[in-house]
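Beneath this line is the structure, given in structure tokens, with notes to follow.
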Amino acid sequence: MHRGSTGGRRRTLTRLVTLFALLAMAAGVLLPAVGAQSPYTTITPQSSQAEDIQWLYRIVFFLALFVFIGVQIAIVYTVLRYRRRANDERPEQLHGNKTLEVVWTIIPAIVLLAIFIPTVRTIYAHADDAETGNFTVEVYAKQWWWEIHYADDTGEAAGVVTANDIVVPQGKDVVFKLFSNNVIHSFWVPQLSGKLDVMPGHANRLPIDTDELGLYFGQCAEFCGDSHALMRFKVIVQQQEVFDQWAASWKAGPSETSADFVPDGDITKSPPAFGLCLACHQIEGTNATIAPEGLDQEAETDTGEMGPAKYAGPNLSLMGCRTTIGAGVLPNTPENMAKWLHDPGGIKPGVYMGEVIEEGTLDDESIQQLVDYLESLKPAEGCPEIPLQPGATEQVTPSNP
Ligand code: CUA
């Protein structure tokens with residue numbers, strides 16, 4: 001009898017040791033794998049704001065660990081110390097012990113204060129950052145993509161409008177001003193900052209400094225309709241010279257690269273097949289500049305409804321340099337562009353473009369004409385090189401759904 005119970009205790013001990021060893025091994029294998037190959041992780045911060053958040057996360061994690069270990073030790077001690085004895089004697093009963101009551105009120109209060117104070121300080125510090133930035137990027141969340149406008153304090157880029165690939169220069173205190181012309185979205189670049197809601201009728205401001213060159217993945221983080229999961233974007237932090245060159249190319253309009261694909265080689269014109277696209281898409285430096293962009297607030301006040309800017313699509317200037325098609329749905333290649341033009345609604349459910357272009361709307365010749373033209377929209381000297389993810393040795397592409 002006595003020997004049996006010792007054996008049982010030893011077995012329990014062996015099981016516990018095995019469990020902890022497995023947990024430690026899992027942590028050892030999984031944690032180093034998080035990083036460059038996991039561009040959506042929050043635990044490899046690459047901006048000072050993300051580092052502040054990481055610091056809060058550490059405080060919470062280690063305090064939780066401290067509480068967890070304390071509670072486990074208390075449980076194990078109590079179970080062993082006061083286990084049922086042979087003589088069935090009841091342990092001493094404790095009720096209303098003042099010292100104990102005070103201790104287990106004060107410890108949680110200290111733990112909560114240790115989380116509360118730095119959290120509130122960080123919230124206020126980030127609110128200050130949002131007022132003192134030196135580079136303003138206006139982001140309009142649309143269904144289901146992101147329209148990017150560069151404000152007056154962006155130097156060379158003031159007035160540039162693009163989509164989904166947010167190019168910013170290194171070493172700036174960027175403030176993202178967030179607008180929505182439809183429903184509530186959430187702007188989230190896990191390695192650069194926390195999430196911030198993008199809502200109609202109110203502009204939120206999110207500060208992110210851009211000290212580290214690199215490519216950062218973002219995603220809408222608030223359910224916003226059919227293609228919420230296909231509402232991705234990237235923040236591309238470039239050297240200042242590369243950024244200025246990119247902005248200048250945007251303003252210059254199509255380069256000679258496009259001459260072969262437009263009537264009479266006149267690069268200020270768009271090809272005939274683009275006629276169907278004019279109402280929704282602008283291309284700087286061409287006759288395609290009538291499509292509405294931004295919020296369309298006037299239409300909003302007149303009729304109580306959002307105007308045509310709600311339905312219009314991305315500005316396609318420098319489309320040949322964009323990394324993806326359809327806000328991260330497909331990598332930007334000629335084959336994918338043809339697929340997209342063939343049936344956008346089949347690739348991205350609910351996309352407004354699918355109401356105009358269905359399977360068969362464009363014949364193969366028109367699609368080829370558009371693919372050639374759109375992919376040619378890049379600087380004559382080629383697109384700026386996209387920096388790598390911090391810590392990566394090759395370009396990271398998250399797998400497509
Ligand atoms: Cu936009 Cu979810």
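A few comments on the model shown:
- Residue check for residue 94: out of contact with any strand residue (DSSP E or B) (no Cβ under 8 Å at 6 or more places or on another chain), outside any helix (DSSP H, G or I) and at pLDDT below 95: yes
- Which numbered condition residue 260 fails, given (1) among the charged types (D, E, K, R); (2) in a loop (DSSP other than H, G, I, E, B); (3) over 25 Å from the mean Cα position of the chain (by Cα): (2)
- Criterion applied to 293, 305, 222, 300 was being modelled with pLDDT of 95 or more and open to solvent by 10 Å² or more (accessible area, probe 1.4 Å), and the one residue passing it is 222.
- The single condition among (1) open to solvent by 50 Å² or more (accessible area, probe 1.4 Å); (2) within 16 Å of the ligand (Cβ to nearest atom); (3) modelled with pLDDT under 95 that residue 212 does not satisfy is (2).
- Set side by side, the residues 327, 392, 380 differ, and just one is open to solvent by 30 Å² or more (accessible area, probe 1.4 Å) and among the aliphatic types (A, V, I, L, M), which is 380.
- Check on residue 203, touching a residue at least 12 places away in the same chain (Cβ under 8 Å), within 16 Å of the ligand (Cβ to nearest atom) and either under 30 Å from residue 393 (Cβ atoms) or open to solvent by 20 Å² or more (accessible area, probe 1.4 Å) (or both): no
- Applying the set (1) surrounded by 22 or more Cβ atoms within 10 Å (Cβ to Cβ); (2) out of contact with any Asp or Glu (no Cβ under 9 Å at 6 or more places or on another chain) to residue 275 leaves exactly one unmet item: (1).
- All positions within segment 225-239 that are part of a strand (DSSP E or B) and open to solvent by 20 Å² or more (accessible area, probe 1.4 Å): 232, 234
- Any chance residue 230 is more than 18 Å from residue 327 (Cα to Cα) and hydrophobic (A, V, I, L, M, F, W, C): no
- Among the residues making up segment 215-269, a single one is away from the ligand (no atom under 16 Å from the Cβ), more than 20 Å from residue 385 (Cα to Cα) and of a type in the set (Phe, Trp, Tyr): 261.
The values are calculated or read from the model by the stated rules, or taken from the named source; none is laboratory data. As the structure is a computational prediction, the values presented were derived from the model and not from experiment. Every residue, glycine among them, receives a Cβ derived from its backbone with ideal geometry; neighbour counts consider all protein chains shown. Only protein heavy atoms, including side chains, enter the accessible area calculation; ligands, DNA and RNA are left aside. Shrake-Rupley method; radii C 1.70, N 1.55, O 1.52, S 1.80 Å.
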